[in-house]
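Everything below concerns the one structure shown next.
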Amino acid sequence: MPTDTRAPVGYPIACSAVRTREQRDLAGWLLLVSVGLLVTWLAVRGGARLGTASAPFLGSYRFEVSPLSLAAPAVAVAVLAFTRRGLMDRLPWWAISAGSALGLLTWSVALALVDGTAGLTRSLTPDSYLGDLDDVGDDPIGYLKSFTTRNAEHTIATRGHPPAPVLFLWLLQRAGITEHFGFAMVVTIIGAMAAPLVLAAIRDASGETAARHFAPVIILAPYAVWLAVSMDAVVLTIAAAMTVAGLKATRHKGWQAALWALGAGLLLGVAALFSYAAAWLGLSIVGIYFARRRAALNVFSGIGALVPVMGASLLGFTWTDGLLAAYEDFATHIEPDRSALWWGLISMCALLIAAGPPLVASIRKLRNTPGWPFLLGGAAAVVFSVLAGLARGGIEHAWLPYFPWLTIAVIAPEIQGGEPAPPPLLLVAAGALTAIVIEAVLLTPW
């Protein structure tokens, strides 16, 4: 009879050494955030070119509290109490998986409700993707063909992205979803589906106990502030599905492995049509195949990734031309108004706040998790965008597809090969409080 390796019920009795390490990780996060906020203050006081009134984020500061502001704290308390009682270990896996999606959806919506239903639709302005729907009209192929040449005529959001976000909303409109609230809920629901996919990836790489313990981390993630208002939430879920498909490929042989690898590549190609930066996520698949000694699967995933990109090219949109057009727009409208040096530093502060305290523990224990390949794509994208001077505000939504993977090692054992760490409730609670404060004082354009 197999031994049950799950953590014992009742996390309050976790050993003092574990609590002490959590306290140190939280203290380290607070210190780093304080330094980041100090750098941000110095940049603002020094008159640096930041292009925003709410550094280290984009948008503007305000203070908004309403009766609906109680929704997010209520959700956070419920999830923390649920986990503290050890129910994450007692429930069947299907309930944890489904519950994580429902929990993340509820948390995201509860955070946005501080502004009422407008909190879900505030990003759907004339300057958003919706402003380009009329250009598609009844001719999506014509829209693709002229997308790059007419890049300067697009809305601010569309100019920096491939055409898939606009076409996705166009399809929703054609399916009968025409209200802004309907668009917002579809995007938010799709984004919440990333939770069970991320947990499935962790379960495959690190075991079911680790996945169960990560559930509260992703359900109450601080970056859920932007999940409910950003099209990058769609990329997050596509990328998570890609990772799961890549892992499935390594669990099979022959044609089944090839099909899973092909599917992973197809998802990567689709993600790249939503966001140019999503191409970096392919490194995570490469890392998975390398770690499991299945390098040949890279061929099938590579072919799969080319299918959507080449298909779009045959229909009129060349991905590389679109990337160059997006960079030209960046160089014209963003580079002159935002200091690369200051934003390189400030973006690290925004990353710390958006990912929350689990990020510090994850970095500290990175070498102890077999899930390290998951971090490759996200980490590479972050490093490249900072060093290349491309991180000049807006990383809170642009890096949304990377945040879960950057925090994945928070539940890794303290020593390699040891037992997974218990749910980091202190870090999760601090992250949830961070999200509540952000939503109350920050009005973002996403």
Which trypsin sites (Lys or Arg not before Pro) from the range 94-173 combine a DSSP loop assignment with at most 15 other Cβ atoms within 10 Å?
ARG150
Within the range 259-352, report the trypsin sites (Lys or Arg not before Pro) that DSSP leaves as loop and that have at most 16 other Cβ atoms within 10 Å.
ARG293
So how do 223-233, 345-355 stack up, highest first, on mean other-Cβ count within 10 Å?
223-233, 345-355
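In the chain, which longest range has no GluC sites (Glu not before Pro) that are both DSSP loop (not H, G, I, E or B) and surrounded by at most 16 other Cβ atoms within 10 Å?
Between the exposed loop sites, the longest stretch runs 180-413.
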List the residues whose amide H sits under 5 Å from the amide H of LEU442, counting only those 5 or more places along or on another chain, with H placed 1.01 Å from N in the peptide plane.
ARG62
If you keep only loop residues by DSSP, which trypsin sites (Lys or Arg not before Pro) in the range 172-218 have at most 14 other Cβ atoms within 10 Å of their Cβ?
none
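Can you tell me, using C-alpha contacts under 8 Å and at least 6 residues apart, the relative contact order of the range 15-443 as a whole percent? Spell out each step's value before the answer.
Values: 712 pairs, mean separation 108.4, N = 429.
Reported relative contact order: 25 percent.
A short reminder: the numbers here are calculations on the coordinates, not readings from a lab. Remember, predicted model here, so these are calculated numbers, not experimental data. Neighbour counts are summed over all protein chains in view; Cβ atoms, including those assigned to glycine, are modelled from backbone coordinates with ideal geometry.
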